[in-house]
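Report on the following structure.
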Amino acid sequence: MSALSFEQAPPISAPLRFFLTAPWFGVAAGLALAWRWEAVTASRWTPEAVGVVHLMTAGFLLQVMVGALLQVMPVAVGANVAKPLWLAAVVHPCLTLGGALLSAGFLGVGPWAMQAAAVLLGVGVLGFVVVTGLALLRSAAIGPTLLVLRLAVGGLLVAAALGVALTSIFGFGAALPLVELLDLHVAWASLGWALLLVMGVGYLVVPMFQLTPAYPVRVARALPALVTAALAAWTVGTVWSVDAARWLGVGLGVAGVAGFAVTTLRLQSLRRRKVTDSTLLAWRVSMGCLLAAAVAQGALRWLPEGGAARSRLETFTGLALFAGAFPAAINGMLPRIVGFIGWLHLQRVTLTPPTMQQLMPEARGKWQLRTFLAALALLAATPLWAPIVVPGGLLFALSCALLGWHVSLGARAYARHRREATSAPLTPTDVPH
Ligand code: HEM
């Protein structure tokens, strides 16, 4: 893995604005789930179910992941994004408004919302992918992290293009093949974007914040290759209706997901500091959910289309991924990243910066994570008893509200320390050399 270059970090407000808005999409998802629970649990295909899925995916996940990429790219692989503040100023409102309108469209506001969402998400994602893609292509870094980040950004482009095409069916009545586009969109969005990005960021933050050994280079290279091969096989199988290729795609995908989860859990067991803090626990839960989703996805292939068992297992897989694995990794990562970038920027203006703990206290995160875990336990029982999503959704909303509040407290603490550091009259000892 190449050395980290913190001096290349973008201005703090570029990633921070995404970290501040993201949790509130999670709040909306939890509340919509509790409010429209009968329609959401009736089938994964109801507009309400898709609306809630996108408050989590095109809202919460996309925002955090775009912010994390902006932060990680220059530091981890020396990929300097051109004018990060300008990019954030364009992409952030596009994703925020586009994500909200997409789900509002699914939840019944009307086709105009889908039309506006298609344009805003299209422009926002395309702008982001072009600028960050160029920076990643220019990077001379060595090691698997660069490869994974390049694949993840490419995966986002494909997933978003398919998503916009799907939205044009509902918003503009475009005559496009819905089932094939949907099968491709779900695979590229879940594996090609979300999983690969968690993998790429995990290669950096798991050893850094959990003091584990680094991911073995050969494994770190093989896992994204497996996921890419899975997507290629699934795409060929879906476009040309070759069932064997789809089977191969599922097999390779399950191996890639399970391989990353097992490798991470093993590295965690080898960590130098034996304390179990919120970050470690959240990542363990995330890897456990990834394994559960991999097993469920593998089992799905054996169940007949349209059966009740299949529908329940599909709901379980969706919950394991979009209420479990990805949000858990974010619950484990976000408080640490916000604390870290706050400290990073403050230590440039004062010799006595607050610690990461002072900016984002672990104690505050504990209750937030416990609320999240309680929500997840309830939601996991949904396939057995659907009304349980009401308390599950409300607790999920509460855990996201706590996360949003913590991030905003961290941002305010940063601003306060910065004001104090920069307003105090400079003395010769104050100037950092
Ligand atoms: C650019 C942003 C996106 C747009 C415009 C978009 C649009 C859509 C549309 C129109 C559907 C079809 C719904 C239906 O057939 O009823 C869909 C389904 C889906 N999308 Fe997206 N999407 C986007 C991003 C994402 C992301 C980032 C993820 C995951 C990481 C995701 C995951 C899914 C899933 C899982 C489904 C199937 C829903 C279900 O089975 O309930 N989407 N998307």
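Considering only the stretch 125-156, how many residues are more than 10 Å from the ligand (Cβ to nearest atom) and closer than 16 Å to Gly67 by Cα?
Number of matching residues: 13.
Go through the stretch 310-342 residue by residue and tally those that are more than 11 Å from the ligand (Cβ to nearest atom), of a type in the set (Phe, Trp, Tyr) and open to solvent by 30 Å² or more (accessible area, probe 1.4 Å).
1
What are the pairs, 6+ residues apart or on separate chains, where a residue within the stretch 411-428 that is at pLDDT 90 or above has its Cβ under 9 Å from a residue that is surrounded by 12 or more Cβ atoms within 10 Å (Cβ to Cβ) and aromatic (Phe, Trp, Tyr)?
From residues that are at pLDDT 90 or above, the pairs are Ala411/Phe19; Tyr414/Trp343.
Could you grab me the full set of residues in the stretch 144-167 that are open to solvent by 20 Å² or more (accessible area, probe 1.4 Å), in contact (Cβ under 8 Å) with a residue 24 or more places away in the chain and not hydrophobic (A, V, I, L, M, F, W, C)?
Passing the criteria: only Gly154.
Residues that are away from the ligand (no atom under 13 Å from the Cβ): list the helices (runs of 4 or more DSSP H) wholly contained in the stretch 168-283 that include at least 1 such residues.
196-210, 217-239, 243-269
Just for the stretch 187-238: of the residues that are hydroxyl-bearing (Ser, Thr, Tyr) and under 21 Å from the mean Cα position of the chain (by Cα), which one is nearest to Leu61 (Cα to Cα)?
Here the answer is Ser190.
Can you tell me how many residues within the stretch 297-309 are exposed (fewer than 15 other Cβ atoms within 10 Å of the Cβ) and in a helix (DSSP H, G or I)?
Selection size over the stretch 297-309: 2.
Does Arg348 meet the test of being outside any helix (DSSP H, G or I), away from the ligand (no atom under 16 Å from the Cβ), out of contact with any Leu (no Cβ under 9 Å at 6 or more places or on another chain) and open to solvent by 10 Å² or more (accessible area, probe 1.4 Å)?
Answer is yes for this residue.
I'm trying to understand the selection: among the residues of the stretch 306-364, which are free of Cβ contacts under 8 Å to residues at least 12 places away in the same chain, more than 29 Å from Tyr414 (Cα to Cα) and hydrophobic (A, V, I, L, M, F, W, C)?
Ala308, Ala309 - these are the residues of the stretch 306-364 that are free of Cβ contacts under 8 Å to residues at least 12 places away in the same chain, more than 29 Å from Tyr414 (Cα to Cα) and hydrophobic (A, V, I, L, M, F, W, C).
Going through the stretch 188-228 one residue at a time, which ones are open to solvent by 20 Å² or more (accessible area, probe 1.4 Å) and over 21 Å from Gly332 (Cα atoms)?
Correct list: Trp188, Ala189, Pro216, Val217, Arg218, Val219, Arg221, Ala222, Ala225, Leu226, Thr228.
Does the stretch 6-44 hold any residues that are surrounded by 22 or more Cβ atoms within 10 Å (Cβ to Cβ), within 16 Å of the ligand (Cβ to nearest atom) and either of a type in the set (Phe, Trp, Tyr) or free of Cβ contacts under 8 Å to residues at least 24 places away in the same chain (or both), and which are they?
Within the stretch 6-44, Phe18, Phe25 qualify.
Any idea which residue in the stretch 84-124 is farthest from the ligand (Cβ to nearest atom), counting only those that are open to solvent by 10 Å² or more (accessible area, probe 1.4 Å) and under 17 Å from the mean Cα position of the chain (by Cα)?
It comes out as His92.
So that you can scan it fast, the table gives a plain yes or no per residue for (1) among the basic types (Lys, Arg); (2) touching a residue at least 40 places away in the same chain (Cβ under 8 Å); (3) farther than 21 Å from Cys400 by Cβ:
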site: Leu97; (1), (2), (3): no, no, no
site: Pro111; (1), (2), (3): no, yes, yes
site: Gln115; (1), (2), (3): no, yes, yes
site: Leu126; (1), (2), (3): no, no, yes
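The values are calculated or read from the model by the stated rules, or taken from the named source; none is laboratory data. Computed from a prediction, not measured in an experiment: that's the story for all the values here. For neighbour counting, all protein chains shown are included, and Cβ atoms are generated from backbone atoms with ideal geometry for every residue, glycine included. Note: accessible area is taken over every heavy atom of the protein model, side chains too, but ligands, DNA and RNA are not part of it. Shrake-Rupley method; radii C 1.70, N 1.55, O 1.52, S 1.80 Å.
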